[in-house]
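Visitor: Input: one structure, supplied below.
The values are calculated or read from the model by the stated rules, or taken from the named source; none is laboratory data. Here the structure is a predicted model, which means the values were calculated and not measured. Cβ sites come from the backbone with ideal geometry, for glycine too, and all protein chains shown count toward neighbours.
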Amino acid sequence: MYYYYREIDPVLQKLSSSTVSALYDQKIVCIEDLFGLSENQILDLYGIGKKRADEILDLLHSLPFDYMDASLPANPEHNPFLGIHPVLADHIRNFYRYVNDQVFKRGIEYFSQNRVHSITLKDESGEVYQADARGTQMYKVEFSLKKNKNGNIKCTCPAFRNWGYGSSYCKHIVAAMFILAMQQRLEKYMPDEGGTHRYRQLMRSLKSAHNTTKLQSSQEITYLLENRNGQWNLYPKPIYGLIKSLNKASNYNYSYSYKNPWEQITPKTPKDRIIISHLRKRYEHDNFYGGFQENGNEVVFGDVFELLQNETLKLKHDADGTATVHVNREPFRFFLQISPHNNESETPNSGLELQFFLKKEGLSIPVNAVDIVCPDPCWVYHSGKLTKLEGSELARQFFLNIAQQQVNIPAEEIGSFMEEMFPILQDADVPVDISEDLVEGKQLEPVPRIYLSEHSNELQVEYRIAYGNHEVKGDSDQNPLLIQA
């Protein structure tokens with residue numbers, strides 16, 4: 001049951017539950033009780049402060065008639081269901097008496113947020129109404145106002161299919177019936193075609209829009225990047241606590257008090273709407289109980305970082321407090337440096353040393369100094385900054401499979417490295433920096449060489465240029481390769 005049983009005008013249910021309660025305490029249960037009251041008179045009502053008074057005035061000014069008109073029809077019996085079809089009124093009473101609190105409250109939220117559209121009389125003889133309700137997707141609601149036709153209440157949403165069986169209610173049915181009840185309540189009031197009411201309505205709308213715009217501009221959504229036990233995730237910061245608390249609970253324990261965290265946040269900008277949509281698809285999963293768990297299979301949250309470039313996020317690292325992280329616009333590139341490997345315990349020039357870096361203008365970082373936040377698209381974290389790794393798919397795979405920052409190549413393996421691995425690096429478009437120690441003091445005269453071989457009864461001719469003990473192998477598709485002679 002919704003708090004305790006009370007009959008309230010469906011029109012007043014457009015207001016917040018606290019404002020409805022305050023009006024009910026003042027024995028205001030129908031919209032007519034507010035007709036003719038000035039702004040100061042509404043403000044003077046006990047329990048109605050400035051915020052609630054503004055909410056009430058917004059509702060009154062949204063009505064299709066002048067609520068200050070003294071000639072409006074009265075409601076001497078203070079009947080909150082005056083003008084509503086008797087069967088529909090019974091449904092509304094059932095909502096107050098019997099419907100699960102969470103279903104009722106979510107239905108009222110949908111009603112207040114105008115999520116029900118195109119409510120029409122589908123079958124006049126059967127008094128069957130149909131409406132579209134916008135939830136996770138668009139659902140069809142249908143119900144009859146004929147007596148003894150409760151079995152004709154239907155909704156295409158999963159909750160109704162699982163629990164309804166034509167004899168109960170879901171939030172979409174609650175919202176649709178409240179919309180129709182409000183329409184029937186207001187039908188007898190003829191709209192004012194102009195004059196004072198239209199002027200007051202215009203002024204109120206402009207003031208409300210002005211205040212809302214200023215409020216929304218200061219309510220941009222911030223995002224929290226979490227690293228828990230090496231697992232990275234991104235959340236809208238305002239609902240992070242709610243998501244985590246729901247994930248700790250079992251579906252059975254909170255199924256009756258479930259509040260979807262993603263419906264508690266309203267993105268105000270196109271960028272935030274796209275981000276919230278992506279993250280919601282990643283984390284939200286409606287199961288049999290309407291529960292919540294992380295999904296993670298449909299959307300890669302690394303895509304979202306593209307929209308957050310040049311912005312600052314909050315970072316929560318395991319049990320530590322929050323810090324800030326900046327999303328870089330300039331990307332890293334995977335880079336290889338080749339230098340001679342000189343070990344004191346070995347002979348000089350005993351091999352090559354490969355070192356792998358991430359580089360961008362003015363900055364070079366060893367690959368083992370960064371944390372991989374997401375692999376594809378690849379984003380890494382280092383020193384309070386989140387940066388994308390750009391390059392070919394092969395370069396990305398190469399970076400993800402590097403187990404350490406440095407690899408030593410023995411002298412006897414240099415030839416195989418240059419013939420087998422170096423071409424792969426070229427295919428991956430990985431920039432290579434060859435240390436000056438490998439080229440200083442080695443000004444050798446080039447010596448042309450021709451190699452003849454037989455393959456499938458054909459003579460193969462290969463041309464190389466020799467520099468001391470090494471040769472440059474020409475290839476039409478790649479840069480020249482340096483191999484052992």
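Visitor: Answer yes if at least one residue in the range 194-205 is within 25 Å of ILE84 (Cβ to Cβ) and at pLDDT 75 or above, and no otherwise.
Guide: No, the conditions are met nowhere in the range 194-205.
Visitor: Looking at the range 347-399, which of the residues that are of a type in the set (Val, Ile, Thr) and in a loop (DSSP other than H, G, I, E, B) is nearest to the chain's Cα centre (by Cα)?
Guide: VAL370
Visitor: So SER257 ticks every box in (1) among the polar types (S, T, N, Q); (2) closer than 30 Å to VAL380 by Cβ; (3) modelled with pLDDT under 85 but one. Which box is left unticked?
Guide: Exception for SER257: condition (2).
Visitor: If the Cβ limit is 6 Å and pairs must be 6+ apart or interchain, which residue in the range 299-324 that is part of a loop (DSSP other than H, G, I, E, B) and of a type outside the set (Lys, Arg) pairs with which residue that is loosely packed, with under 15 Cβ neighbours inside 10 Å and modelled with pLDDT of 85 or more?
Guide: The qualifying pairs are GLN309/ARG329; ASN310/ARG329.
Visitor: On to the next question. Quick test of your reading of the structure: TYR24 fulfils all but one of (1) under 25 Å from ASN100 (Cα atoms); (2) in a helix (DSSP H, G or I); (3) in contact (Cβ under 8 Å) with a residue 24 or more places away in the chain. Name the failing condition by number.
Guide: In the conditions (1) under 25 Å from ASN100 (Cα atoms); (2) in a helix (DSSP H, G or I); (3) in contact (Cβ under 8 Å) with a residue 24 or more places away in the chain, TYR24 misses (3) alone.
Visitor: Take residues that are among the polar types (S, T, N, Q) and either in contact (Cβ under 8 Å) with a residue 24 or more places away in the chain or buried (at least 21 other Cβ atoms within 10 Å of the Cβ) (or both) and tell me which of the helices (runs of 4 or more DSSP H) falling wholly in the range 57-174 contain 2 or more.
Guide: 101-112
Conditions tested, residue by residue: (1) closer than 27 Å to GLU226 by Cα; (2) surrounded by 16 or more Cβ atoms within 10 Å (Cβ to Cβ); (3) of a type in the set (A, V, I, L, M, F, W, C).
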residue: VAL367; (1), (2), (3): yes, yes, yes
residue: ASP371; (1), (2), (3): yes, no, no
residue: GLY384; (1), (2), (3): yes, no, no
residue: LEU389; (1), (2), (3): yes, yes, yes
residue: SER392; (1), (2), (3): no, no, no
residue: PHE399; (1), (2), (3): yes, yes, yes
residue: PRO410; (1), (2), (3): no, no, no
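Visitor: Check ILE402 against each of (1) farther than 15 Å from PHE335 by Cβ; (2) modelled with pLDDT under 85; (3) β-branched (Val, Ile, Thr) and name the one condition it does not meet.
Guide: (1)
Visitor: Based on what the data block shows, is PRO431 under 55 Å from the mean Cα position of the chain (by Cα), modelled with pLDDT of 80 or more and not aromatic (Phe, Trp, Tyr)?
Guide: yes
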